[in-house]
1. Pick from A:Ser235, A:Ser31, A:Ser166: which is most flexible by mean-square fluctuation in a GNM of chain A where alpha carbon atoms under 10 Å apart are linked?
2. Compute, for segment B:265-386, the length of the dipole vector about the Cα centre, with Cβ point charges of +1 (Lys, Arg) and -1 (Asp, Glu) only. Units Debye, rounded to 20.
3. Relative contact order for segment B:265-386 using alpha-carbon pairs under 8 Å, separation at least 6, rounded to a whole percent?
4. Return A:Trp19, A:Trp143, A:Trp77, B:Trp43 ranked ascending by Cβ neighbour count within 10 Å, so the fewest neighbours appear first.
5. Taking 0.36 nm per residue of separation and subtracting the Cα-Cα distance, what length does fully extending B:Glu135 through B:Trp330 add?
6. Hey, which of these cross-link pairs are over 24 Å Cα-Cα: B:Lys46/B:Lys187; A:Lys100/B:Lys148; A:Lys100/B:Lys15; B:Lys68/B:Lys186?
7. Using +1 at the Cβ of each Lys and Arg and -1 at the Cβ of each Asp and Glu in chain A, identify which of A:Gln29, A:Ile64, A:Phe103 lies farthest towards the dipole's positive end.
8. Give me the distance in nm between label points sitting 7 Å out from Cα along the Cα-to-Cβ direction at B:Asp167 and B:Lys317, one decimal.
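Here, each number is a calculation from the coordinates, and none is a lab measurement. Just so it is clear, the structure is predicted and the values come from calculations on it, not from any experiment. Cβ coordinates were reconstructed from backbone atoms using ideal geometry, including for glycine residues, and neighbour counts include every protein chain displayed.
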Amino acid sequence: MIKSRANQSHAYRDFLIAWTSRIVRARYQQSILGGLWAIIQPAATVAVFTIIFTRFIPVDTGEIPYVVFSYSAMVPWLLFSASITDMVESLVMNMNLVTKIFFPREILVLAALLARVFDFAIAFSILIVLIMVYRLPVLHIGWLFLPVILAIQMALSLGLGLIGASLNVFYRDIKHMIGLGMQLWFYATPIIYPPTLVPEAWRSLYHLNPMVGVIESYRAVLLRGQLPSSSLLISAALAAGILVAGYLFFRLVEHQFADVV
Amino acid sequence: MDSMEYTVQAINLSKRYRIGHAPLSLRSLLGSKKYSQVDRYHWAVKDVCFGLKPGESLGIIGPNGAGKTTILKLLSRITYPTEGEISMDGRFSALIELGAGFHPDLTGRENIFLNGTILGMRREEIQERFDRIVEFAGIGDYLDTPVKRYSSGMYARLGFSVAAHVDPEILLVDEVLAVGDMAFQKKCYDHMLKLRDKGTTLIFISHNLQAIQRVCSSCMVMYRGHKVFEGSPAEATAEYSNIIRRSAVELSHLGPVESGIAQRVMTHKGVIQDIAMLNQDGEPALTVHSGETVRVRAKIAFHETSPSPVFACLIQKPDGQFVYNYTTYWADLTTPTFEANTTAEIEFSLKINLVEGMYYLGLNLAYSDLSRYYDRIDRALDFFVVGGDGARGVADLRAQFKVL
């Protein structure tokens, strides 16, 4: 039982900001290309898939050119997978802080996520350029939903990140499991192929993957000038549930972090 | 007493750690109260109680592994108690390790902000105290140098400076000042005293018993997780040396112990058995006339061959003030090698030019390279000095006044 009159948590907002910017600065320090890496990675991956799925095994993406089709999904996907990988490691990598200083531990996890949003913003700006180059509809009413889609995606990431980060303190297998899991999850999400290729019988199961609704909604808004797809509701519900569960789990086990190292 | 007056209070504070690397089960992770029978546990802290009011300062002393740092980690919410309660009323700052949050590649300036925010300060609070932090740390010229190029002293100074300027209502300081030089240590102690006088509640861990006496209003001695003594810093200091001695005797009977549970301050391969103070007539006496020359005789049992050990004698006042300290090493004396399982007797004379009062006599027996003690008794016997000329202070220098 610990009682403390002063609620110090409001004071840690500045720590969140300082720690996030520390991660971003450390990532690109002593690198020549710096923030360009945030673009190079999705661009290179998309280039490979574009060659494969337009030349070798043509995939029908309707009127949308394959490059934009896959890049528009690759950018949010990389935010998702890279942030989860970072979040899972965030506690273990900073154990010297966890065992020496008191502060709300979730800040480390949250900062790992926010630091990836910085990369996302860079890569996303290129996506806007692509959309304009291919003369797809821009700045329509659907764009108002972009922050909502992003928020749902981040809630989902944070929930998984909180669980993964705390489990990784106890079992280092988690790190490897996450690496494998992200690879498989990539193919279970319509990033390099349209969801119409999924057999009808599997569709409802397929939509239980919360990233399906997220990716479909990004595409609907960004590429087709539509409102988010209805499957975003499933994603929102799952994301909210996972975030709450993740936070509760984190609170339940965080008092053991400093003892386990 | 009304418990609401306390800023820091611990009731039956206990912390248990698992020994070894037993595999964690998911059930234990989720906080099941059924502890597995296979696991072995160790109480790092057991049933410790204390309460501090604003402006009070508590020193904690004890050998390594006695639970001192665990208490600070429990108070600062880094780790959580297994049993018992803690209540902390006010903003706290804990110095468990200086500069723990520093990033080596960032400059001193950047680290002040980063470390300050980790310690719970707002950016504007740091901005406002920035000049004071830099001045206190004395790193002015190196402000824009990455801290990886700092000397360990500079690193520690900056770490202390940031943490000390959190302006806490409760300040927890672990044995962290040992790295700095004497001048900086003094500065830190002065700062701690200043905070204490402003009403900050202070808890201070140190092996530096003089620092404890300087900074703390009370002191508790920890031994193997238990609070074994609480009282004035001077009493606690005396008690501490007795505990160390007793534990060393125990350890020599128990053989090697598990690492981390107790520190072998003394190897006890040579044991001081008997100390007596003899007056001019060769009679044992504990009351000495000021100016008299006495002889101190001690019997020492060597359990192992001990090449040229160093003998030291020290005299303290009951308040802990050092009166006298001298060693065979400083006297440039080389003692012979004492063979295993022999007993030796040593003797030295002392001219008691002390003012009236009570004094503690101590005797230490150290390795020839001064790395460890064979045995150490800081309070071997108490003696009284009587019949002075009315002088006050410590030393009786026999001033002879004359009008010329």
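1. A:Ser31
2. So the magnitude is around 200 debye.
3. The normalised contact order for segment B:265-386 reaches 33 percent.
4. In increasing order of surrounding Cβ atoms, one gets A:Trp143, B:Trp43, A:Trp77, A:Trp19.
5. Length difference between fully extended and current span is 66.3 nm.
6. Violating the 24 Å limit, Cα to Cα: B:Lys46/B:Lys187.
7. Projecting each Cα onto the dipole axis, the largest value belongs to A:Phe103.
8. Here the answer is 3.8 nm between the modelled labels.
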